[in-house]
Amino acid sequence: MMDFAYWLPIIWAVILVAAISIYVVLDGFDLGIGMLFALERHPDRRDVMVNTIAPVWDGNETWMVLGGAVLYGVFPGAYATLLPAFYLPIVLMLLALIFRGVAFEFRVMTRGTGREGMWNAGFMAGSAIAAFCQGAILGGVVQGIRVVDGAFAGGPLDWLTPFSILCGLSVMCGYALLGATWLIWRTTGVLEASCRRWAARLAVGLFIGIVAVSLWTPLLHAPYLRRWTDWPNIAFVAPVPVLVVVLGALFVMGLRRGHSKGPFLCALGWFFLCLSGLGITVWPYAVPPGLTLWDVSSPPSSQFFQLIGTAILLPIILTYTIYSYHVFRGKVTQTDGYH
């Protein structure tokens, strides 16, 4: 029983990371397309951009809800500590996502009334604010939270530091890159050509962000530095930066050769490697730099009970998600419509 109790938080940590990763993949290009409205002014091409995500966008937040439920039910100690530390960015993110969703629908309903521009601006702003807040929250977790007797003991703006701002801007750039590469895959003509140009520039920005965050992170706490520099740890973590460079070369090659799916897959690979690197850095902490997974987890009986329900629910969500993307696959043109 002790062995099983030990492994339960690890299993749940894998589920939580998987939910966050899937959310980043699915809602990342969704939010990125909203930010790319700032670069594409033609209304018809904007409609094509929206139509590539219209059938599936509102299901992407399912994975955020799953991640929040896991944090609340399985790691209540982390939930009770992290939420007060990030009330402001979490509320801003949720308000931005709500306003973005409203703008998504109202921009179509107000076409020809002179108010479409307001909703387009709301769609852009909501996407940008949500992306920045997600990156800032991630940066705030990685840099650590002041905890006394298992409770948050800091101030409401402790999360807002140069490091978290860098993470927020990097995530914005990364989501915009996902959006651009998604549109390369799903669109044609002038819009596809424009997205190739945007993707090339955004990839440079994201690469700079990855390098900056990667160099800064080990300096935040001594255990982080040892994780990346001590032997034999370095032998296991060294492939991560090497693969980042390899994917960068493949990305450039894919853009130059006119590949449709390749740039998107490379951008996803970058995100996967970044999340992997951050996971390697903070392990085994749930609330860096002091509370581990076992410190903040619920009783093993509760974890096991929830694991049974998740084992039933998770395949259903995955099946629905895969099926919806399969049904609405293929290139989207101006003759196609959703609304």
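Per residue, what volume in Å³ does the convex hull of the Cα atoms of region 12-103 enclose?
It is 99 Å³ per residue.
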Using alpha carbons only: equivalent-ellipsoid semi-axes of region 178-233, gyration tensor based, whole Å: 37, 11, 7
Estimated translational D of region 122-176 in µm²/s (Stokes, Kirkwood radius over Cα pairs; 37 °C; 0.692 mPa s): 278 µm²/s
Nearest 10 degrees, 0 to 90: helix 189-216 Cα axis against the chain principal axis: 20 degrees
Quarter of Cα convex hull surface for region 55-104, i.e. mean projection, nm²: 3.7 nm²
Cα extents of the chain along the three principal axes, largest first (Å): 61, 38, 38
Nearest-ten-degree value, helix 2-36 long axis tilted from longest Cα axis of the chain: 20 degrees
Value of D in µm² per second that Stokes-Einstein yields for region 130-252, Kirkwood Rh from Cα pairs, at 10 °C (1.306 mPa s): 96 µm²/s
Fraction of accessible area attributable to carbon and sulfur, the chain (%, probe 1.4 Å): 73 percent
Over region 1-50, volume per residue of the alpha carbon convex hull, in Å³: 51 Å³
In range of the label at residue 11: residues from region 287-325 whose backbone nitrogen is under 11 Å from the point 7 Å along Cα→Cβ: 301, 303-311
Spatial separation of Cα centroids for region 1-69 and region 267-339, in angstrom: 8 Å
Gyration tensor (alpha-carbon) shape descriptor, region 77-137, a/c threshold 1.5: prolate
Among 96, 63, 193 - extreme Cα towards positive end, dipole of the chain, charges at beta-carbon: 193
Mean residue ellipticity (222 nm) of the chain, computed from DSSP H runs ≥ 4 via -39,500 (n - 2.57), nearest 500: -25500 deg cm²/dmol
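If the viscosity is 1.002 mPa s and the temperature 20 °C, what Stokes-Einstein diffusion coefficient in µm²/s follows for region 38-163 when Rh is the Kirkwood radius over Cα pairs?
129 µm²/s
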Binned Cα-Cα distances of region 251-339, short to long, each 10 Å bin given as a whole percent: 12, 19, 32, 22, 13, 2
On Cα atoms only, tilt of 116-143 relative to the major axis of the chain in degrees: 20 degrees
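The values are calculated or read from the model by the stated rules, or taken from the named source; none is laboratory data. Keep in mind the model is a prediction, meaning the values are calculated, not measured. Neighbour counts are summed over all protein chains in view; Cβ atoms, including those assigned to glycine, are modelled from backbone coordinates with ideal geometry. All accessible areas refer to the heavy atoms of the entire protein, side chains included, with ligands and DNA or RNA removed. Shrake-Rupley method; radii C 1.70, N 1.55, O 1.52, S 1.80 Å.
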